[in-house]
Amino acid sequence: MVWKHAGAGAVIEWRREADTTKCDPVRPIFNVDFYLDGSGATNCLRGIPGSKAWRDEEAKHARESLGAGGFGTKGAVPTPMRPGDALLHDILVLHGSPACCSGLRRVLYFEFRPASLETRVEPHTPGDVPLKQRVLLCCLRDRTRAAWASGQRPFVYAPGSAFAPPPLAPDGRLASYRVPHHEHWRWD
């Protein structure tokens, strides 16, 4: 989550969410950014088109160049958003946002990575995948039971035998729908 207070938003330095050694060129990892508040010219995210295809050395050079002497925007495209908008981007896209003196900006981020990649590289341990699958299965089950979903065709989760989901408990309930990520980090 990013939370920039009205009139006091800190700079979010130019960055990628990972380097190329943590990614698979065939199956990209992407973020979905949900905007609770709008973002305009003074506080919106900026991205560098085409930077997801850069080598790590190119991205590092661009970060250093854009960060020299403040928050540079050469070659960057602003992405103004309205409350309720969602932005999807590959985690290798070089992006950042300047310090701002405008209104409140709150954004929730969800990252989607293939299970095949999650079990091979950071940030989480392979044991994190079945925990997430169990939460997903419970959410899908609960949605099909909801009155408002009556008549809708439910999503069928079928990841294949390599990632067969764990069985649900006999009563099908979870103590929590939260997976504490800090308990599953590969690194200290």
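For the stretch 141-178, the set of residues classified as touching a Lys or Arg at 6+ places or on another chain (Cβ under 7 Å), part of a loop (DSSP other than H, G, I, E, B) and more than 24 Å from PRO114 (Cβ to Cβ) consists of GLY172 only. Of the strands (runs of 3 or more DSSP E) lying entirely inside the stretch 25-89, not one contains at least 2 residues that are free of Cβ contacts under 8 Å to residues at least 12 places away in the same chain. Has the stretch 100-108 got any residue that is in a strand (DSSP E or B), touching a residue at least 12 places away in the same chain (Cβ under 8 Å), of a type in the set (Lys, Arg) and within 30 Å of CYS44 (Cα to Cα)? Looking for residues that are in a strand (DSSP E or B), touching a residue at least 12 places away in the same chain (Cβ under 8 Å), of a type in the set (Lys, Arg) and within 30 Å of CYS44 (Cα to Cα), one finds at least one in the stretch 100-108, hence yes. Counting only residues that are outside any loop (DSSP other than H, G, I, E, B) and more than 25 Å from ALA62 (Cα to Cα), how many does the stretch 1-19 have? Qualifying residue count for the region: 1. Exactly one residue among PRO166, PRO180, PRO159 is free of Cβ contacts under 8 Å to residues at least 24 places away in the same chain and outside the structural domain of ASP33 (by TED's automatic domain parsing), and that residue is PRO180. Just name the residue that is surrounded by the most Cβ atoms within 10 Å (Cβ to Cβ) out of those in the stretch 52-100 that are within 18 Å of VAL32 (Cβ to Cβ) and acidic (Asp, Glu). So, considering only residues that are within 18 Å of VAL32 (Cβ to Cβ) and acidic (Asp, Glu), the one surrounded by the most Cβ atoms within 10 Å (Cβ to Cβ) is ASP90. Within the stretch 124-135, residues that are under 19 Å from GLY160 (Cβ atoms) have Cβ atoms under 8 Å from residues that are buried (at least 17 other Cβ atoms within 10 Å of the Cβ) and of a type in the set (Asp, Glu) in these pairs: PRO126/GLU118; ASP128/GLU118; VAL129/GLU118, counting only partners at least 6 apart in sequence or on another chain.
With respect to (1) surrounded by 15 or more Cβ atoms within 10 Å (Cβ to Cβ); (2) in a loop (DSSP other than H, G, I, E, B); (3) not assigned by TED's automatic domain parsing to the domain that holds ASP85, the lone exception for LEU137 is condition (2).
Remark: pairs (first residue in the stretch 1-15, touching a residue at least 12 places away in the same chain (Cβ under 8 Å); second residue among the β-branched types (Val, Ile, Thr); Cβ separation under 6 Å; 6+ apart in sequence or on different chains) = VAL2/VAL107. Please determine, by comparing only the residues of the stretch 13-37 that are β-branched (Val, Ile, Thr) and out of contact with any Pro (no Cβ under 8 Å at 6 or more places or on another chain), which one is modelled with the highest pLDDT. For the stretch 13-37, the residue satisfying everything is VAL32.
Across the stretch 109-118, what is the total count of residues that are touching a residue at least 24 places away in the same chain (Cβ under 8 Å) and either β-branched (Val, Ile, Thr) or in contact with a helix residue (DSSP H, G or I) (Cβ under 7 Å, 6 or more places away or on another chain) (or both)?
The qualifying residues number 1.
So ASN43 passes all but one of these: (1) closer than 18 Å to SER102 by Cα; (2) in contact with a Ser or Thr (Cβ under 7 Å, 6 or more places away or on another chain); (3) surrounded by fewer than 17 Cβ atoms within 10 Å (Cβ to Cβ). Which condition number does it fail? Exception for ASN43: condition (3).
Residue by residue, here is whether (1) crowded, with 19+ Cβ neighbours inside 10 Å; (2) at positive phi; (3) in contact with a strand residue (DSSP E or B) (Cβ under 6 Å, 6 or more places away or on another chain) holds:
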site	(1), (2), (3)
TRP3	no, no, yes
GLU13	no, no, yes
ARG16	yes, no, no
THR20	no, no, no
ARG27	no, no, no
GLY47	yes, no, yes
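The values are calculated or read from the model by the stated rules, or taken from the named source; none is laboratory data. These numbers were taken from a predicted model, which means no experiment stands behind them. Cβ atoms come from the backbone with ideal geometry, glycine included; neighbour counts cover every protein chain shown.
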